[in-house]
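Before I ask anything, let me first share the structure, which is written out below as structure tokens.
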Amino acid sequence: MDYKSRRDKKFKTLKGRNLSANSNDDVEVVQKKVKPSKWDDGKVPILEESIERMKSVIKSLKLPDFEPFLNDQGRHECPVCNRNRKFYCHDCLVATSLAEQTPKVDLPISLSIIHHESEKRAKSSALPLKVLSPEQIEVIDSAKIQGDDFDPETTLILFPNDKSIEVKDLSEDVLRTTKRVVAVDCTWFQTAGILNRLKQKEYKYVKIADYDTTFWRHQSQSSKHLATCEAIYYFYKEYKETFEKVVNKNENYSYGGEYDGLLFYYIIQYLQIQRGYLKAQTKGKNQQEDKEEERDDN
Ligand SMILES: [Zn+2]
């Protein structure tokens with residue numbers, strides 16, 4: 001299965017419908033304008049325009065400077081398994097490069113990520129979250145899920161179904177007792193199997209509001225598909241907002257970027273893809289010019 005259909009299938013369950021706020025409108029416009037088939041004729045000025053827009057989206061997040069990461073082209077030995085990896089080891093889930101500059105995220109409740117063994121670890125947007133919050137995040141192999149793995153009293157399962165409550169509608173009682181959220185990081189089909197096993201207990205299911213994906217990916221998917229890490233990010237953002245309002249009675253609270261770090265590796269991946277794309281574009285343009293020069297010479 002190619003990357004696109006893999007991802008489409010994977011995020012089928014996490015679709016959003018509405019454009020939420022500000023910059024997402026730009027992302028939508030970009031998607032409509034870009035014509036990837038024109039890559040090799042050098043006529044893609046809109047891409048550069050879209051990059052400027054994406055830069056402003058990224059700027060709105062509280063994140064460290066990406067440049068040292070983007071300039072770091074090498075691979076580095078994992079301190080645990082000794083294999084050479086890019087920024088983090090997807091097996092051991094530890095940073096292998098620029099660890100000091102990698103953000104640390106302090107979460108209000110723990111996160112359990114259920115990962116299906118057949119899904120490539122290196123491709124997962126959710127697994128690297130553990131690097132960012134090692135104490136509060138656990139990754140569980142889906143094969144080990146028995147069904148009674150979590151305490152239903154203190155656990156929320158992040159999944160949209162007919163029983164799901166929107167995060168913003170969680171009661172004070174639930175907010176006060178919740179200690180953990182569970183996210184499933186696998187295809188729709190695999191998720192159905194895992195959720196079936198979890199039916200043994202009366203878990204509380206939650207869903208986030210509808211969002212368009214924040215980070216437009218060239219050609220790979222529509223803006224309606226959220227990556228698992230995006231869904232997790234929005235969950236924590238909404239959870240914090242709801243908690244402040246409902247439990248702390250803090251009506252004036254506004255989100256201050258506390259969990260933006262959860263998007264760190266995801267954005268790096270986006271920027272890397274984008275740079276590769278630009279390179280290909282420049283190369284295409286140069287080749288076209290070379291051809292034209294050749295024609296002129298003849
Ligand atoms: Zn390792």
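Inspect all residues belonging to the stretch 120-129 and state whether any of them is within 16 Å of the ligand (Cβ to nearest atom), more than 30 Å from residue 197 (Cα to Cα) and modelled with pLDDT of 90 or more.
Within the stretch 120-129, none of the residues are within 16 Å of the ligand (Cβ to nearest atom), more than 30 Å from residue 197 (Cα to Cα) and modelled with pLDDT of 90 or more.
A follow-up question, please. Quick one: is residue 94 surrounded by 14 or more Cβ atoms within 10 Å (Cβ to Cβ) and farther than 15 Å from residue 268 by Cβ? Talk me through it step by step, then tell me what you get.
Details: surrounded by 14 or more Cβ atoms within 10 Å (Cβ to Cβ): yes; farther than 15 Å from residue 268 by Cβ: yes.
It is true that residue 94 is surrounded by 14 or more Cβ atoms within 10 Å (Cβ to Cβ) and farther than 15 Å from residue 268 by Cβ.
When you scan the stretch 61-77, do you find a residue that is away from the ligand (no atom under 16 Å from the Cβ), at pLDDT below 50 and assigned to a loop (DSSP other than H, G, I, E, B), even just one?
No.
Just to verify a result, which residue in the stretch 124-168, among those that are under 20 Å from the mean Cα position of the chain (by Cα) and in a helix (DSSP H, G or I), is surrounded by the most Cβ atoms within 10 Å (Cβ to Cβ)?
129
Moving on to the next point. Among the residues of the stretch 199-243, count how many are modelled with pLDDT of 85 or more and under 20 Å from residue 262 (Cα atoms).
Taking the stretch 199-243 as the starting set, the residues that turn out to be modelled with pLDDT of 85 or more are 199-210, 227-243.
Right, trim to under 20 Å from residue 262 (Cα atoms) and you get 206-210, 227-243.
Qualifying residue count, the stretch 199-243: 22.
Right, another one. Here are some residues: 132, 111, 127, 70. Which one is in contact (Cβ under 8 Å) with a residue 60 or more places away in the chain and touching a strand residue (DSSP E or B) at 6+ places or on another chain (Cβ under 7 Å)? Working first, answer last.
Values: 132 fails: touching a strand residue (DSSP E or B) at 6+ places or on another chain (Cβ under 7 Å); 127 fails: in contact (Cβ under 8 Å) with a residue 60 or more places away in the chain; 70 fails: touching a strand residue (DSSP E or B) at 6+ places or on another chain (Cβ under 7 Å).
Among 132, 111, 127, 70, only 111 is in contact (Cβ under 8 Å) with a residue 60 or more places away in the chain and touching a strand residue (DSSP E or B) at 6+ places or on another chain (Cβ under 7 Å).
Can you name the residue in the stretch 170-198 that is β-branched (Val, Ile, Thr), at pLDDT 95 or above and over 18 Å from the mean Cα position of the chain (by Cα) and, of all such residues, is surrounded by the most Cβ atoms within 10 Å (Cβ to Cβ)?
Looking at residues that are β-branched (Val, Ile, Thr), at pLDDT 95 or above and over 18 Å from the mean Cα position of the chain (by Cα), I get 178.
Scanning for something within 16 Å of the ligand (Cβ to nearest atom) and either at positive phi or of a type in the set (Asp, Glu) (or both), does the stretch 99-114 turn up at least one residue?
Our first condition is that a residue be within 16 Å of the ligand (Cβ to nearest atom); within the stretch 99-114, this holds for 99, 102.
Cutting the leftovers down to either at positive phi or of a type in the set (Asp, Glu) (or both) gives us none.
Scanning the stretch 99-114, I find no residue that is within 16 Å of the ligand (Cβ to nearest atom) and either at positive phi or of a type in the set (Asp, Glu) (or both), so the answer is no.
The values are calculated or read from the model by the stated rules, or taken from the named source; none is laboratory data. Values in this document were obtained by computation on a predicted structure and should not be read as measured data. Neighbour counts are summed over all protein chains in view; Cβ atoms, including those assigned to glycine, are modelled from backbone coordinates with ideal geometry.
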